[in-house]
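Have a look at the structure below before the remarks.
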Amino acid sequence: MPNNTSISTNVLFDLKGKDPSFAAEVKCRSGVDINLCWHCQTCANGCPFSQAMDYAPNRVIRLVQLGFQAEALGCSGIWLCVGCNTCSIQCPNAIDVAAVNDVLREMAIETGVHVAQPQILDFHNEVLNSIERYGRTHKLEIMLRFKFRKRDWFSDFGLGFKMLAKRKLEFLPSRIRDVTQIRNLFQPEADEAAPCKIKI
């Protein structure tokens, strides 16, 4: 993965690709005022994954502020974010960077932008599929389905065997009593509000 320190600060962006409504839409959908960001880099310094990101959290916020939609939606930083909220806790303005990243991931999927970390999206989808089926996660099935999709059968075999031996993985899934309530959460509502569309 690219190292954050290898990113040049002299990267030139095509100003014709700017979308003046992008920042307003992210603000509307996330409920986060990204214009409060001072770019003090406290979020980047606290993030345990920033060294693996192409753009640190504060730089992603800056891309959004400047309207560089393609760059913000196509970066790996939004996918490597695990939502631990370390950045938000340390931010002097309490900006919820994880919520902004959630919205950027949603927008990336909606717009069909090339996902910078497709395996992360595949794993997220397997987790959601498990929750929809059983009402909770069945970790063994999630990993088997993910490994099948990657066609990578044996790289973690030893670890998986140890987890089975220690009963960290169950062979059979446990279900909640009324899984239909959970399945209903995955159905779009008819009166669901339309996403924010800002026109400038």
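The values are calculated or read from the model by the stated rules, or taken from the named source; none is laboratory data. The model shown is predicted, which means the values in this text are computed figures rather than measured ones. Neighbour counts are summed over all protein chains in view; Cβ atoms, including those assigned to glycine, are modelled from backbone coordinates with ideal geometry.
Taken over the stretch 72-94, residues that are among the small types (Gly, Ala, Ser), in a helix (DSSP H, G or I) and more than 16 Å from LEU121 (Cα to Cα) amount to 2.
Residue pairs whose Cβ atoms lie under 6 Å apart, sitting 6 or more positions apart in sequence or on different chains, and linking a residue in the stretch 153-172 that is assigned by TED's automatic domain parsing to the domain that holds HIS138 and part of a helix (DSSP H, G or I) to a partner that is surrounded by 11 or more Cβ atoms within 10 Å (Cβ to Cβ) and not aromatic (Phe, Trp, Tyr), are MET163/LEU169. Cβ-Cβ distances below 8 Å connect the following pairs, each with a first residue in the stretch 100-116 that is within 15 Å of CYS81 (Cα to Cα), a second residue that is among the hydroxyl-bearing types (Ser, Thr, Tyr) and in a loop (DSSP other than H, G, I, E, B), and a separation of six or more residues or different chains: ALA116/SER76. The requirement of being assigned by TED's automatic domain parsing to the domain that holds LYS27, farther than 21 Å from ALA23 by Cα and polar (S, T, N, Q) is fulfilled nowhere in the stretch 55-67; no residue meets it. Restricting the search to the stretch 100-130, which residues are polar (S, T, N, Q), closer than 15 Å to SER76 by Cα and in a helix (DSSP H, G or I)? If the condition is that a residue be polar (S, T, N, Q), closer than 15 Å to SER76 by Cα and in a helix (DSSP H, G or I), then ASN101, GLN119 are the ones that fit. The condition of being crowded, with 17+ Cβ neighbours inside 10 Å, under 30 Å from ARG145 (Cα atoms), in contact with a Phe, Trp or Tyr (Cβ under 7 Å, 6 or more places away or on another chain) and not assigned by TED's automatic domain parsing to the domain that holds PHE146 does not hold for LEU73.
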